[in-house]
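Working notes, beginning with the structure itself.
The values are calculated or read from the model by the stated rules, or taken from the named source; none is laboratory data. Every value quoted in this text rests on a predicted model; they were computed, and no experiment measured them. Cβ placement follows ideal geometry from the backbone for every residue including glycine, while neighbour counts extend to all protein chains displayed. Heavy atoms of the whole protein, side chains included, go into the accessibility calculation; ligands, DNA and RNA do not. Shrake-Rupley method; radii C 1.70, N 1.55, O 1.52, S 1.80 Å.
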Amino acid sequence: MRIVDLRSDTVTIPPRKMLETILEAELGDDVYREDPTVIKLENMAAEIMGKEAALLVTSGTQANLISVMAHTKRGDEVILEYNSHIYNFEVGGLAAVAGVLPRPIRGVMGFMNPADIEAAIRPKNIHCPETSLLLVENTHNRAGGTIITPKQMEAMCNVARKHGLKVHVDGARIFNAAVALNVKPEKLVEDADSVSFCLSKGLACPIGSLICGSMEFIEKARKIRKMLGGGMRQAGVIAAPGIYALEHMIDRLKEDHENAKILAYGLAKIDEVEIDLKTVQTNIVIFNLKSLKAEDVIAALQSRGVKALAIEPRKIRMVTHFGITRDDVEYALNIFREVVEILKDKQY
Ligand code: TLP
């Protein structure tokens, strides 16, 4: 059966050329900082993000957790967006491991109004925790892969800065934002203290994320990574595909964005679907069903080889990526139409 897997860009299979770089990679023990391939990748990442240094870690979740721990002390409060990945889908590591108090505020397409941020910052008072960090997600996954522009970043960071907060960007998909806006990634994080990004999403690597920030911050992060069991030895086997990805896989994200638009416009024509096309800015398509249950639609799609995620009782997420062609999108749309018709018929 033909499979079109739109569950996530995390399902990408690395291209052969990327995997071949592993065999050629010069390796060493990275805990001793002796892996030249890791050092090369970290230097590339730091340069791309306009920061002093970078650190290779195992995953986006680990990158965010380490970053929070490096910026805060236990008992601090951190401000983040209500639907952010860190708050909802990182197993509560923020509270359980970092020991900080999350203070969620509602944003619009991931952007938090500076006035709302300011209102959430605790006063200097003996009764209150200290607010020490603002977390921003770019692109914002649950909002539909929406972009936080440099101007929006500046507005949020200005208020954070005014009150002495640090700013960390969960840039799991920051290259999608940069490519869509046609700006350098560093432009999106110049007002932030740190940024993490994933190699294993749209960039199609098998493993890995990077944290970028000041030398001092990265040294702290390196020690925390070791404490969390994330110190790796011949990690050049992870870094080599990462280098390949930074050199070859960024520009092609455009294709994923085009395919996401085709998918979204196709879905918008289906009566059962309710979609806000403004939110389709990169490679994520999130939409509501008017009367059908998402789990029923997902099951019917799955039995026909099209995979997607039910993210709420009537909400579905589809993500385009390296493994998805325009033809796959057209095929998935046809299957989706067929499934909706069948399920609607059953309703009556
Ligand atoms: N997101 C995954 C799942 O966890 C839902 C996905 O399929 O979208 N930040 C953001 C914005 C993310 O979307 C994700 C992963 C992470 C961090 C965590 O990255 P990993 O999965 O590498 O720990």
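Residues are listed down the side, and each one gets a yes or a no for (1) assigned to a strand (DSSP E or B); (2) under 18 Å from the mean Cα position of the chain (by Cα); (3) buried (at least 24 other Cβ atoms within 10 Å of the Cβ):
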| residue | (1), (2), (3) |
| --- | --- |
| Arg122 | no, no, no |
| Cys128 | no, no, no |
| Val159 | no, no, no |
| Ala172 | no, yes, yes |
| Asn176 | no, yes, yes |
| Glu186 | no, yes, no |
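If we scan the stretch 6-13, do we find a residue that is away from the ligand (no atom under 16 Å from the Cβ) and modelled with pLDDT of 95 or more?
no
I need the full set of residues from the stretch 165-215 which are within 13 Å of the ligand (Cβ to nearest atom) and among the β-branched types (Val, Ile, Thr), in order please.
Of everything in the stretch 165-215, those that are within 13 Å of the ligand (Cβ to nearest atom) and among the β-branched types (Val, Ile, Thr) turn out to be Val169, Ile174, Val195, Ile207, Ile211.
Looking at Ile238 and the list (1) away from the ligand (no atom under 16 Å from the Cβ); (2) part of a helix (DSSP H, G or I), which single condition is not satisfied?
Of (1) away from the ligand (no atom under 16 Å from the Cβ); (2) part of a helix (DSSP H, G or I), only one is false for Ile238: (1).
Within the stretch 22-35, identify whether any single residue is away from the ligand (no atom under 16 Å from the Cβ) and under 28 Å from Ala177 (Cβ atoms), and answer yes or no.
No, the conditions are met nowhere in the stretch 22-35.
Taking the conditions exactly as written (assigned by TED's automatic domain parsing to the domain that holds Leu65 and aromatic (Phe, Trp, Tyr)), does Tyr265 satisfy them or not?
no
Which residue pairs have Cβ atoms closer than 6 Å, lie 6 or more positions apart in sequence or on different chains, and pair a first residue in the stretch 298-327 that is more than 21 Å from Pro15 (Cβ to Cβ) with a second residue that is open to solvent by 70 Å² or more (accessible area, probe 1.4 Å)?
As it stands, the answer is Gly305/Met1; Gly305/Arg2; Gly305/Ile3; Leu309/Arg7; Ala310/Glu295, since those pairs meet every condition given.
Scan Ala63, Ala115, Ala95, Ala54 and give me the residue that is in contact with a strand residue (DSSP E or B) (Cβ under 8 Å, 6 or more places away or on another chain), of a type in the set (Gly, Ala, Ser) and open to solvent by 10 Å² or more (accessible area, probe 1.4 Å).
Just one listed residue meets the conditions, Ala95.
Among the residues of the stretch 316-341, how many are open to solvent by less than 50 Å² (accessible area, probe 1.4 Å) and outside any loop (DSSP other than H, G, I, E, B)?
Qualifying residue count for the region: 12.
Those residues that are more than 21 Å from Leu94 (Cα to Cα) and more than 16 Å from the ligand (Cβ to nearest atom), I need them from the stretch 130-152; list them, please.
Across the stretch 130-152, the qualifying residues are Thr149, Pro150, Lys151, Gln152.
Would you call Met1 within 30 Å of Ile311 (Cβ to Cβ) and open to solvent by 40 Å² or more (accessible area, probe 1.4 Å)?
Here the answer is yes, as Met1 does meet what is asked.
I need every pair where a residue in the stretch 68-92 that is assigned by TED's automatic domain parsing to the domain that holds Ser194 has its Cβ under 8 Å from the Cβ of a residue that is within 11 Å of the ligand (Cβ to nearest atom) and basic (Lys, Arg), sequence separation at least 6 or different chains.
Asn83/Arg142; Ser84/Arg142; His85/Arg142; Asn88/Arg142
With the condition kept exactly as written, say whether any residue in the stretch 216-228 is in a loop (DSSP other than H, G, I, E, B) and not charged (D, E, K, R).
Checked against the condition, which is being in a loop (DSSP other than H, G, I, E, B) and not charged (D, E, K, R), the stretch 216-228 yields at least one hit.
From the list Lys17, Lys73, which one is surrounded by fewer than 19 Cβ atoms within 10 Å (Cβ to Cβ) and either within 23 Å of Ala192 (Cα to Cα) or in contact with a Leu (Cβ under 6 Å, 6 or more places away or on another chain) (or both)?
Checking each option against the conditions leaves just Lys73.
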